[in-house]
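Heads up: the structure comes next, in structure tokens.
The values are calculated or read from the model by the stated rules, or taken from the named source; none is laboratory data. Since this is a predicted model, take the numbers as computed values, not measurements. Positions of Cβ are generated from backbone atoms using ideal geometry, with glycine treated the same way; all protein chains shown enter the neighbour counts.
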Amino acid sequence: MNHRIITIAKKELLHIKRDPYSLTIIIILPVIMVILFGYAITFDVKNVSIGILDRSQSKSSRELVNTFTSTKYFNTRVFLNNEKEIEPLFKKGIIRAAIIIPEKYSSSLKRKPETKIQIIIDGSEPNTANIISNYVKMIVSSYSLKINNFQIKAPIDIRPTVWFNPELKSIIFIVPGLITIILMLISALLTSITIAREKENGTLEQILVSPIKSYEIIIGKVIPYIIIAFIDSIFILVASKFLFSLKIEGNLLLLSVLGLIYIISSLGIGLLISTIAKTQQVAMMMTFISTLLPAIMLSGFMFPIKSMPKILQYITYIIPPKYFLIIIRGIILKGIGIGYLWHQVTILILFGALLILVSLLKFKTRLE
């Protein structure tokens, strides 16, 4: 490798070593973000507070109530006296659902195979309400089979089998997305301040009067951050393994290689920003706006892309995290190989090459 590129890379590593702010971003921030986001973001709903209006007051009704409250999904907060108490408790947020057991529940249960109970759910948060409704259906169906000694047979016997995430844990789905976002943010953030820092400190002029070419400066400055971001990705995967029991079903080497391609694409974004921004503060703000928000909102991490308006679906085609999210979830959760991912890999390579090329041209213009 060109000795001038190596010299610039060594200089950048020394600066990072002497800069406590950069060291904090490199070492501490990724793990902290994994811990905070991993525990804070979840689509699972647990310990839902429910109100109980038991007009039957029988052994059968108490068994039904115990069936709900003995699970991790529900806990009893309030025993109600009448239906008028439900709405005020919903408004205060004390309960999220109410179970109304009719007065003749026990006798009706003995006479007929079908007995009605009423479930009222607070729909102010539609996603949560839908999850609660599914939990209720699951628990009631299980209880119905139990009290009938599992003798009820439906015309069609449905027994679903869930692949890749049998327990339907949202954290297993979320963690790969977190890795995607954190790698994008850290890689772009580290690179965005590199040339902006030279401008701000007035050291860029010293580089400009030297015989070093623009591409040597760019490559020399990028190499340390490629290594650092790759090490960060290892830290994140290890932290996810111990904290969330994340299991990688696919080839770890393939994940590493494709992760490296994604890191280079992310570094290209930061590099382009650094050639435009005049100060480190501006570079950081531009990085957060151009990476964090699109990565969270438009990559498919939080919201399904197919559910978005058409205009936003078209915009997602220029969001690199969208493609790596498919790659990392495919390898970690499904164990798929490159044969299923070549399309996403090709786009990431093109993204990285284009961004670095534009950065080189932009920096060359500034040299003139």
Q) Which members of the stretch 232-284 meet the condition of being part of a loop (DSSP other than H, G, I, E, B) and of a type outside the set (Gly, Ala, Ser)? A) Leu246, Lys247, Ile248, Glu249, Asn251, Lys278, Thr279
Q. Taking helices (runs of 4 or more DSSP H) that fall entirely within the stretch 285-359, which contain at least 3 residues that are free of Cβ contacts under 8 Å to residues at least 40 places away in the same chain and under 18 Å from Ile269 (Cβ atoms)?
A. 293-297
Q | Residues satisfying the stated conditions in the stretch 38-64, i.e. of a type in the set (A, V, I, L, M, F, W, C) and surrounded by fewer than 18 Cβ atoms within 10 Å (Cβ to Cβ) | A | Ala40, Ile41, Phe43
Q. Which residues, taken from the stretch 167-179, are more than 8 Å from the chain's Cα centre (by Cα), assigned to a helix (DSSP H, G or I) and not small (Gly, Ala, Ser)?
A. Ile171, Ile172
Q: Hey, can you tell me all the residues within the stretch 151-177 that are surrounded by 10 or more Cβ atoms within 10 Å (Cβ to Cβ) and modelled with pLDDT under 85?
A: Ile152, Phe164, Asn165, Leu168, Lys169, Ser170, Ile171, Ile172, Phe173, Ile174, Val175
Q: Please determine, by comparing only the residues of the stretch 322-350 that are in contact with a helix residue (DSSP H, G or I) (Cβ under 8 Å, 6 or more places away or on another chain) and farther than 13 Å from Leu258 by Cβ, which one is modelled with the lowest pLDDT.
A: Leu333
Q) Does Thr279 fit the bill of being hydroxyl-bearing (Ser, Thr, Tyr), assigned by TED's automatic domain parsing to the domain that holds Ile217 and either exposed (fewer than 14 other Cβ atoms within 10 Å of the Cβ) or touching a His at 6+ places or on another chain (Cβ under 7 Å) (or both)? A) yes
Q: Within the stretch 338-358, count every residue that is under 20 Å from Leu255 (Cβ atoms) and surrounded by 13 or more Cβ atoms within 10 Å (Cβ to Cβ).
A: 10
Q: Determine if the stretch 5-26 includes at least one residue that is touching a Ser or Thr at 6+ places or on another chain (Cβ under 9 Å), polar (S, T, N, Q) and assigned to a helix (DSSP H, G or I).
A: no
Q) Regarding Phe74, is this residue aromatic (Phe, Trp, Tyr), surrounded by 13 or more Cβ atoms within 10 Å (Cβ to Cβ) and farther than 30 Å from Ile147 by Cβ? A) no
Q. Just for helices (runs of 4 or more DSSP H) wholly inside the stretch 31-141: which have at least 2 residues that are assigned by TED's automatic domain parsing to the domain that holds Gly177?
A. none
